[in-house]
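Just below is one structure, and these are the notes that go with it.
The values are calculated or read from the model by the stated rules, or taken from the named source; none is laboratory data. In this text the structure is predicted, and so the values were computed from the model without any measurement. Cβ atoms come from the backbone with ideal geometry, glycine included; neighbour counts cover every protein chain shown. SASA here: full protein model, heavy atoms, side chains in, ligands and nucleic acids out. Shrake-Rupley method; radii C 1.70, N 1.55, O 1.52, S 1.80 Å.
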Amino acid sequence: MLRWLYSVVRGTRCDLSNVLLFIKLRIIDLKQSRERPMKPIIEIARQIGLDEDDLELYGKYKAKISFSAMERVQDRPAGKLILVTAMNPTPAGEGKTLTSIGLSQAMNQIGKKTIAALREPSLGPCMGLKGGATGSGGAQIVPADEINMHFTGDLHAISSAHNLLAAMVDNHIFHGNELGINPEKVVWKRAVDMNDRAMRHTVIGLQNSGVVREDGHLITVASEIMAIFCLSENIADLRERLGRMIVAYSYDGNPITAKDLRADGAMTALLKDALQPNLVQTCENTPVLVHGGPFANIAHGCSSLMATKLGLKLADYVVTEAGFGADLGAEKFVHIKCRTSGLKPNAAVLVVTAKSMKYNGGVDKGQLTVTNATALLAGFANVKKHVENMHGFGIPVVVAINRFATDTEEEIQMIQEQCREIGIKAVVSQVWAQGGEGGRALAEEVVRLVEDSETQLRFLYELHDGISDKIETIVREVYGGAKVNYSARAKAAIRALEASGLSDLPICMAKTPYSFSDQPKLLGRPAGFTLTVNDIRVSAGAGFVVVFTGNVMIMPGLPKHPLAEEIDVDAQGNILNLS
């Protein structure tokens, strides 16, 4: 524990009282995660009108919901959809997943039948710097260790399907290359669900095993298959989308698809069981659908469409989240997931913290527990811009102040006052310490907002707009930038996409999550900046154009001291330090 703590606070200026507080909170967190009783997943299913025959059990506390059960509930009226998003993330953490879980618990406490719909964790971040993605304290999904590790095998299935396609590309070239694939124009890399920087760039085909060429790996959650998995309506849609994926180009410059290689059927076979949504529970026995997990800085950052739609048929409210800050996850939720599916959030919850505001106001991460009114007010500009963006999409919004033990009453009141001045209600959330009870005020405000307001969902661009027009609209309207510079490679990609008829697709911006701009250290609410587009690639199966900016990695690396150094197993088989 002490070595793990040292690895966390290394390099920060934490005084002894904060270190002791950190240890205390960590002990409480571990105790809560072990002591809260889980119900058998069959009982959780019954809470939402399902029975044992509707489930495929993965042990006592995890299950997949069958396709037949999903078909049976399709004619039911849909519930209300609540989107949880956040200000730009900071080293202090904002607690977006924590708030989503706690809010779903609180909604049930006030008598609203509610399900949470969340993303699956990736092993790479769990073993790296970020840690697990199952909440903490009084707002967790359980069994947390199993969900953070292998869960029901969905990410393994996606990795297998991805790498099968990669193998079939090189196998086709090896056995005569009937399609005329240009080995220098193979765009389909391998995938692994781990942060492994050494695999970013590789050379394959050595020792007479094929055509020698440059290759590489991306992390599984960055795979187009993951994006397709989360946007598919059913198995037939999944197969059709898989077949459209472009894996290479021929010597004549024509795209080669997975269907051309006759790989779509086998990939669908690998993914068919994974496509069934996973049912688990929170530590207060609220049902949770945990399914799919694309990153929001390199993909669209939302859990599966199938799970979201299923939840809406099984409950009065569904609480879901979009990755990173609202400039990435929420923007893509609207322009990609909602446009594709017809979904419409009835309200949005914007998660903020006093620490994150102070960080965006220029305070060093080692001084975030020190009261600093000037920095907090300066950092509120970041919050204000996100609120404006959500209103620009036509979505009613409430601010949730995720309160930390070190926050002062003065800071909380300042945040609430700033929100009042822009016509927004800010509600304190204490779901970490108090579970659903600590989110009752937030839940009541969400219900009031849904009942008193109506979403008039607006898209900021039309699909038929030019690619550069769509990019510049996002940069101008969502980020607050003034200009976009395109590399020669990006310009060539735009011309090629427009010539091939693939330009009428939504845009998926790949950029840093830490700033509205493409510069991670440009915090707060920057304005008038120029954003540089380095490359543009099409995800024809997922149905969007990926725009690369800054130094966005599709294969992250581990930190100098990864969390994997501290993870262990005790004599009883309990996993330790998987935070």
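Note on the stretch 258-272: among residues that are of a type outside the set (A, V, I, L, M, F, W, C) and under 29 Å from T308 (Cα atoms), the one that is most open to solvent (accessible area, probe 1.4 Å) is K259.
For the stretch 113-130, a residue qualifies if it is in a loop (DSSP other than H, G, I, E, B) and modelled with pLDDT under 90, and the qualifying residues are S122, G128, L129, K130. Counting only residues that are open to solvent by 30 Å² or more (accessible area, probe 1.4 Å), modelled with pLDDT under 95 and within 27 Å of the chain's Cα centre (by Cα), the stretch 482-504 holds 1 of them. The single condition among (1) free of Cβ contacts under 8 Å to residues at least 60 places away in the same chain; (2) open to solvent by 60 Å² or more (accessible area, probe 1.4 Å) that D54 does not meet is (2).
From the list I141, I101, pick out the single residue that is part of a strand (DSSP E or B), at pLDDT 90 or above, closer than 19 Å to A322 by Cβ and open to solvent by less than 40 Å² (accessible area, probe 1.4 Å). After applying the criteria, what remains is I141. Restricting attention to the stretch 451-481, the residues being open to solvent by 50 Å² or more (accessible area, probe 1.4 Å) and either charged (D, E, K, R) or in contact with a Lys or Arg (Cβ under 7 Å, 6 or more places away or on another chain) (or both) number 10. Among the conditions (1) over 21 Å from L289 (Cα atoms); (2) surrounded by 24 or more Cβ atoms within 10 Å (Cβ to Cβ); (3) in contact with a helix residue (DSSP H, G or I) (Cβ under 6 Å, 6 or more places away or on another chain); (4) not polar (S, T, N, Q), the only one that M194 does not satisfy is (2).
Assess whether A378 counts as being over 22 Å from the mean Cα position of the chain (by Cα), buried (at least 24 other Cβ atoms within 10 Å of the Cβ) and either closer than 23 Å to L449 by Cβ or in contact (Cβ under 8 Å) with a residue 12 or more places away in the chain (or both). No. Looking only at residues in the stretch 406-450 that are surrounded by fewer than 21 Cβ atoms within 10 Å (Cβ to Cβ) and acidic (D, E), the one that is farthest from L368 (Cα to Cα) is E444.
Here is a yes/no grid of residues against (1) of a type in the set (G, A, S); (2) over 22 Å from the mean Cα position of the chain (by Cα):
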{"site": "G435", "(1), (2)": "yes, yes"}
{"site": "L442", "(1), (2)": "no, yes"}
{"site": "L460", "(1), (2)": "no, no"}
{"site": "D465", "(1), (2)": "no, yes"}
{"site": "K511", "(1), (2)": "no, no"}
{"site": "P520", "(1), (2)": "no, no"}
{"site": "V538", "(1), (2)": "no, no"}
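Figure legend. Inter-residue proximity from the stretch 174-200: first residues closer than 15 Å to L261 by Cα, second residues open to solvent by 60 Å² or more (accessible area, probe 1.4 Å) and among the acidic types (D, E), beta-carbon distance below 8 Å, spacing 6+ or different chains. Indicated pairs: L179/D260; G180/D252.
Checking the stated criteria, I115 turns out not to satisfy the condition of being open to solvent by 30 Å² or more (accessible area, probe 1.4 Å) and in contact with a helix residue (DSSP H, G or I) (Cβ under 7 Å, 6 or more places away or on another chain). Selection of the stretch 532-548 for residues being open to solvent by less than 20 Å² (accessible area, probe 1.4 Å) and either among the hydroxyl-bearing types (S, T, Y) or part of a strand (DSSP E or B) (or both) yields V533, D535, I536, S539, F544, V545, V546, V547. Checking S68, S33 one by one, the residue that is open to solvent by 20 Å² or more (accessible area, probe 1.4 Å), out of contact with any Leu (no Cβ under 9 Å at 6 or more places or on another chain), among the hydroxyl-bearing types (S, T, Y) and at pLDDT below 55 is S33 and no other. For the stretch 127-149, does any single residue satisfy the condition of being touching a Leu at 6+ places or on another chain (Cβ under 6 Å) and over 30 Å from Q367 (Cα atoms)? Checked the stretch 127-149: at least one residue is touching a Leu at 6+ places or on another chain (Cβ under 6 Å) and over 30 Å from Q367 (Cα atoms). Scanning the stretch 393-407 for residues that are under 17 Å from G135 (Cα atoms) and in a strand (DSSP E or B) yields a total of 3.
Filtered by the rule that a residue be closer than 17 Å to I246 by Cα and not in a strand (DSSP E or B), the stretch 179-218 gives L179, G180, V187, W188, K189, G216. For the stretch 550-579, a residue qualifies if it is in contact with a Ser or Thr (Cβ under 6 Å, 6 or more places away or on another chain) and either closer than 18 Å to V478 by Cα or buried (at least 17 other Cβ atoms within 10 Å of the Cβ) (or both), and exactly one does: G550. Of the helices (runs of 4 or more DSSP H) that lie entirely inside the stretch 408-508, those containing 2 or more residues that are over 30 Å from A227 (Cα atoms) span 409-421, 431-434, 440-452.
Tallying residues that are closer than 16 Å to E224 by Cβ, under 22 Å from the mean Cα position of the chain (by Cα) and open to solvent by 30 Å² or more (accessible area, probe 1.4 Å) within the stretch 150-172 yields 1. Only one of K60, K80 is open to solvent by 20 Å² or more (accessible area, probe 1.4 Å) and under 18 Å from V319 (Cα atoms); which? The conditions single out K80.
Taking the criterion of being within 17 Å of the chain's Cα centre (by Cα) and of a type in the set (V, I, T), would at least one residue in the stretch 122-140 satisfy it? Checked against the condition, which is being within 17 Å of the chain's Cα centre (by Cα) and of a type in the set (V, I, T), the stretch 122-140 yields at least one hit.
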